[in-house]
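Notes for the one structure printed next.
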């Protein structure tokens, strides 16, 4: 199923050269509110990524809110897009969500297996959190 | 020394529409036509198993395999080909030594340096040895005066050149000190065999390990040189092709080197090392060293004079790798952006986490050079860095 937030993101990246796509991700990264250092712990980090990534979440009125962060700007930009797409949805919706925008803006096919694995572990963690919140 | 780039067909490739600038040679080198053709010709005309057959092809294959061993032997200055064992690579070579020496190492100590690759750390730990690093100064230069050998020290295992910093360790000085205490020395030559003329007798080591794929040959093949005085150690691996007599009660082994090559070896891989040696010797190792030194020093100087760039390590004697970081820019971002400009580098800890801890960093960007790299490649890297900085401004 097409999803309006993802459609908007895809439109923003349409027709951009690679370096322009990275420039756009870096600009999103700069806008993202940094995660407080006290949450940047081993427990909140996700392994399997080439740059360190942290994830925290809470529930507001039955909707999930994730905060992701990374020390690398391009990763951080991708995290900011993930937050735009998955946040403010009920856990059930997050579990079922098809994150097709990643492939469509060229991030998945471009990322090497090791890097794609990093992104895959982040998505897996988001889904695990959502599944936990469903019970 | 120019024009060797054309010997490597992959270097004609465009990446994202840009000229490929391949600076990830410490991870693996590209292969010249002569090596690719040798591998392909072997399978087209001579392929057979070795040392067992009675038929024509088996004889030809065995001869080509043993000829490759002779080439390696003379390339590294060994006394005889029997001192050369083909392995699966540097990691396998070091693991085999660790396994063979385990009865001596277990509960004792191996001296290493603070710049080692994990492959010269973990095998010793698996063999039950405790590790101690020889002290180094702030530039990661080894302090050989501070080498402390105790009753528990059973081996010194050091890299010839760092895969991260490119620093060349004073291996001759280390073997000299080791000899005074009758301690064997293993030299990990994975990052030097392709850059420097190497003579095991001159170095004075008992073991020397390196990989084929970093010296223009295939992956999955490597070498372990073992000096004559360790020629009778227990083989790390058992199986066919290495035995004299087998009974259910016990087994006697063949003489080296076959004793250490259980199972069917990577025959084409060994032959590809022979072809790679022919290729390098056709140019001349001294000439390769001079050319690479020129390009390497030029790249290092240009990085050092670039604003906001930190270059790590300095021992004066360097080869291969240069590690650096850009101020306030993550190494991963740098690598991703350079990639899109057709520049292949490596980022991360480079399998040297203890060194990263010493430097107080998570990782670096590593540019590593081979004989086909030129000052033009170094210029492309500097331009790329400019672009990375601009995108983060």
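Here, each number is a calculation from the coordinates, and none is a lab measurement. This is a predicted model, so every value here is computed, not measured. Quick reminder, even Gly has a Cβ in these numbers, built from the backbone with ideal geometry, and neighbours come from all protein chains shown.
By its C-alpha gyration tensor, with a ≥ b ≥ c as the square roots of the eigenvalues, how is the range B:139-298 shaped: rounded for a/c under 1.5, else prolate for a/b larger than b/c, else oblate? Before the final figure, lay out the partial values.
Working: a/c = 2.65, a/b = 1.25, b/c = 2.12.
Oblate, since a/c reaches 1.5 and b/c is not below a/b.
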Exercise. Between the range B:260-301 and the range B:325-348, what's the alpha-carbon centroid distance in Å?
Worked result: 27 Å
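What does DSSP give for the range B:35-282 in terms of the percent of beta bridges that are antiparallel, rounded to the nearest 5? Before the final figure, lay out the partial values.
On the way: 14 of 29 bridges.
Taking every DSSP beta bridge with both residues in the range B:35-282, the antiparallel ones total about 50 percent.
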For this session: Count, for each residue of B:296-306, the Cβ atoms from other chains sitting within 10 Å of its Cβ, then give me the mean as a whole number.
Result: 0
For this session: Assuming 1.306 mPa s and 10 °C, estimate D for chain B with Stokes-Einstein, Rh taken as the Kirkwood radius over Cα pairs, in µm²/s.
Result: 73 µm²/s
Exercise. Over all residues in A:75-82, what is the mean tally of Cβ atoms on other chains that come within 10 Å of each residue's Cβ?
Worked result: 1
Problem set entry | Most fluctuating residue given options A:37, A:23, A:72, as computed from a GNM of chain A linking Cα atoms under 10 Å | A:37
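Mind giving me the FRET efficiency for residue B:293 and residue B:176? R0 is 25 Å, r the Cβ-Cβ distance, nearest 0.05 is fine.
Details: r = 25 Å, r/R0 = 0.99.
Calculated value: 0.50.
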Exercise. Rounded to the nearest 500, what is chain B's calculated 222 nm mean residue ellipticity when only DSSP H runs of at least 4 contribute -39500 (n - 2.57) each, over all residues?
Worked result: -11000 deg cm²/dmol
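Any chance you could list the semi-axes, whole Å, largest first, of the equivalent ellipsoid that the Cα gyration tensor gives for the range A:4-134, using √(5λ)?
Numbers: eigenvalues 97, 61, 40 Å².
Over the Cα atoms of the range A:4-134, the semi-axes work out to 22, 17, 14 Å.
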Exercise. Tell me, what is the FRET efficiency for residue B:304 and residue B:48 to the nearest 0.05, using R0 = 56 angstrom and their Cβ-Cβ distance as r?
Worked result: 0.55
For this session: Starting from the Cα of residue B:247, step 7 Å along the direction of its Cβ; do the same at residue B:202; then give the gap between the two resulting points in nm.
Result: 5.0 nm
Problem set entry | Estimated [θ] at 222 nm from DSSP helical runs (n ≥ 4, -39500 (n - 2.57)) normalised by residues in chain A, nearest 500 | -16500 deg cm²/dmol
Exercise. How would you order B:354-366, B:55-67 from highest to lowest mean count of nearby Cβ atoms within 10 Å?
Worked result: B:354-366, B:55-67
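Sort B:321-330, B:16-25 for me by packing, meaning the mean count of neighbouring Cβ atoms within 10 Å per residue, highest on top. Could you put the intermediate results ahead of the total?
Values: B:321-330: 21.4, B:16-25: 19.1.
Result, highest mean first: B:321-330, B:16-25.
Taking Cα pairs under 8 Å and at least six residues apart, what relative contact order does chain B come out at, in percent?
On the way: 791 pairs, mean separation 89.9, N = 393.
Relative contact order comes out at 23 percent.
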For this session: Enter the angle in degrees (range 0 to 90, nearest 10) between the Cα long axis of helix B:171-180 and the first principal axis of the Cα atoms of chain B, meaning the one along which they spread out most.
Result: 40 degrees
Exercise. Ranked highest first by average number of other Cβ atoms within 10 Å, how do B:277-288, A:11-22 line up?
Worked result: B:277-288, A:11-22
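What is the ratio of the Cα radius of gyration of the range B:27-129 to 2.2 N^0.38 Å, where N is its residue count, to two decimals? Spell out each step's value before the answer.
Working: Rg = 18.0 Å, N = 103, 2.2 N^0.38 = 12.8 Å.
Against the empirical 2.2 N^0.38 Å value, I get 1.41 for the range B:27-129.
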Exercise. What is the Cα convex hull volume of the range B:243-303 when expressed per residue in Å³?
Worked result: 153 Å³
For this session: For the range A:37-86, report the convex hull volume of the alpha-carbon atoms normalised per residue, in Å³, without decimals.
Result: 82 Å³
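Report the FRET efficiency, 1/(1 + (r/R0)^6), for residue A:3 and residue A:71, where r is their Cβ-Cβ distance and R0 is 30 Å, rounded to 0.05. Show your work: numbers first, answer last.
Details: r = 29 Å, r/R0 = 0.97.
Efficiency, from the Cβ-Cβ distance: 0.55.
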Exercise. How far is the Cα center of the range B:10-31 from the Cα center of the range B:146-189, in Å?
Worked result: 34 Å
Seminar exercise, completed: Along principal axes, largest first, the alpha-carbon spread of the protein assembly as shown in whole Å comes out as 76, 55, 54
Exercise. Among B:272, B:192, B:146, whose mean-square fluctuation peaks in a Gaussian network model of chain B (Cα, cutoff 10 Å)?
Worked result: B:146
Exercise. When chain A is modelled as a GNM with alpha-carbon springs shorter than 10 Å, which of A:59, A:43, A:108 fluctuates the most?
Worked result: A:43
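On average, how many beta carbons from a partner chain sit within 10 Å of the beta carbon of a residue in B:335-341? Each step should come with its number before you reach the end.
Values: counts 3, 12, 7, 0, 4, 7, 2.
Across the residues of B:335-341, the mean count of other-chain Cβ atoms within 10 Å is 5.
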